[in-house]
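The values are calculated or read from the model by the stated rules, or taken from the named source; none is laboratory data. Values in this document were obtained by computation on a predicted structure and should not be read as measured data. Every residue, glycine as well, gets a Cβ built from its backbone with ideal geometry; the counts of neighbours run over all protein chains shown.
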Amino acid sequence: MYDKEFQINLERFFSTTEVYYIMSKERESLYITKTKAKEKYYLTDKMIGLIGEPDLLLKNPHYKKAAKMQLFLIDRIEEWVSKNLEMVEKARIRRKKLSKIQIERHNKIRKEMIEKAEIWEPEIYLDSPQTDLVRDAIWYYRDRYEDFGGKLTHKALMAYIRHQYTNYHSYLDEIELDKGKTGVRLLYSILRPKVDEMVEQYLVDNPVVL
């Protein structure tokens, strides 16, 4: 159990992958956060409860409003683990099995997401040639951005066509429905290049002067 005098006299500490070297006037020791201890030694919340109260509480150096970090002496954690090897081993096996199931589920969902995106067929709604395209794009950017200087780049024209003359946003709406699901970022990473390739080809077939 940590003592208040130690906390009061705490001079400094630094972290390496959540292992803390605490220096004070009284002692110096290696500590580990509760989160890292659970990960490294396969501990459960119940096991942490059996180990007891943390040896030290410190303000979170990364998030001021977060709860205080719970630090345990590494020697104390390892001593407890050595005395409860059977319990820890069961937890390790259980976690490994769970990890395998999660990986399999993740890969299955990822595959489904890729298959979904690969059948998407972007469309462009522009007549050929589009003589007013550059003029309309310039006015589009002038209306929306005060700092637009009037010079249209190839990249800006691509973006204008993508957002105004393709079914890009229809697919974005579909992606929004999957928001929060595993692999949803894949949908965007597959969709965007598909649309850009289509727009680029349109500009190759229908050159414009910027």
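Structure values in brief
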item: Selection from the range 29-76 of residues that are of a type outside the set (A, V, I, L, M) and assigned to a strand (DSSP E or B); result: 29, 31, 33, 70, 72
item: The range 9-36: number of residues that are surrounded by fewer than 18 Cβ atoms within 10 Å (Cβ to Cβ), within 29 Å of the chain's Cα centre (by Cα) and either of a type in the set (Gly, Ala, Ser) or modelled with pLDDT of 65 or more (or both); result: 2
item: Matching residues, the range 131-144, being surrounded by fewer than 16 Cβ atoms within 10 Å (Cβ to Cβ) and either touching a Cys at 6+ places or on another chain (Cβ under 7 Å) or under 18 Å from residue 208 (Cβ atoms) (or both); result: 131, 132, 134, 135, 136, 139, 142
item: Subset tally (residues that are out of contact with any helix residue (DSSP H, G or I) (no Cβ under 8 Å at 6 or more places or on another chain) and over 23 Å from residue 96 (Cβ atoms)) for the range 30-57; result: 2
item: Among the residues listed as 79, 53, 123, 39, the single one being assigned by TED's automatic domain parsing to the domain that holds residue 177 and exposed (fewer than 15 other Cβ atoms within 10 Å of the Cβ); result: 123
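Yes or no, residue by residue, for (1) part of a helix (DSSP H, G or I); (2) at negative phi; (3) polar (S, T, N, Q); (4) free of Cβ contacts under 8 Å to residues at least 12 places away in the same chain:
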| site | (1), (2), (3), (4) |
| --- | --- |
| 92 | yes, yes, no, no |
| 95 | yes, yes, no, no |
| 110 | yes, yes, no, no |
| 143 | yes, yes, no, yes |
| 179 | no, yes, no, yes |
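For every residue, the table says whether it meets (1) among the acidic types (Asp, Glu); (2) over 30 Å from the mean Cα position of the chain (by Cα); (3) farther than 30 Å from residue 47 by Cβ.
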{"site": "105", "(1), (2), (3)": "no, no, no"}
{"site": "115", "(1), (2), (3)": "yes, no, yes"}
{"site": "130", "(1), (2), (3)": "no, yes, yes"}
{"site": "158", "(1), (2), (3)": "no, no, yes"}
{"site": "169", "(1), (2), (3)": "no, no, yes"}
{"site": "183", "(1), (2), (3)": "no, no, yes"}
{"site": "197", "(1), (2), (3)": "yes, no, yes"}
